Amino acid sequence: MQTSYLLLAILTAAFATFATRVLPFLLFDKKQKPNKWLGLFEKNMPLMIMVILVFYAIRNTNFNEYPYGISEIIGIMSALLLHVKFKNALLSIIGATLFYMLLIGVIFQ
């Protein structure tokens, strides 16, 4: 690849990232009452993202062959239980990921 192509790709990505961070501050006035739809998205977006990630993670799981997706189901349930108990997204993600890695690496080889 040419250096100019790589530089252009990096600059485009940097501009897109910067624009998505700055545009909300330019478009929404702080004195104006927030839109109820925007508040709804702000409140529910983390849950929506987690649901999308769960379905993306199990998209190639074969539930008809051993281990029948048991490790994935247990991993998802452990994330859910950790989050309900501790209400900490980072703990839920890291704890469930480590538990899932243990399951597929040691128990369901």
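Data overview
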| item | result |
| --- | --- |
| Any hit, segment 28-43, residues being of a type in the set (A, V, I, L, M) and either in contact with a helix residue (DSSP H, G or I) (Cβ under 9 Å, 6 or more places away or on another chain) or assigned by TED's automatic domain parsing to the domain that holds A96 (or both) | yes |
| Segment 83-109, residues that are under 17 Å from I49 (Cβ atoms) and surrounded by 15 or more Cβ atoms within 10 Å (Cβ to Cβ) | H83, S92, I93, A96 |
| All helices (runs of 4 or more DSSP H) inside segment 10-109 with 2 or more residues being modelled with pLDDT under 90 | 36-57, 89-102 |
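The values are calculated or read from the model by the stated rules, or taken from the named source; none is laboratory data. Note that the coordinates shown come from a computational prediction; the quantities given were computed from them, not determined experimentally. Neighbour counts run over all protein chains shown; Cβ positions are idealised from the backbone, glycine included.
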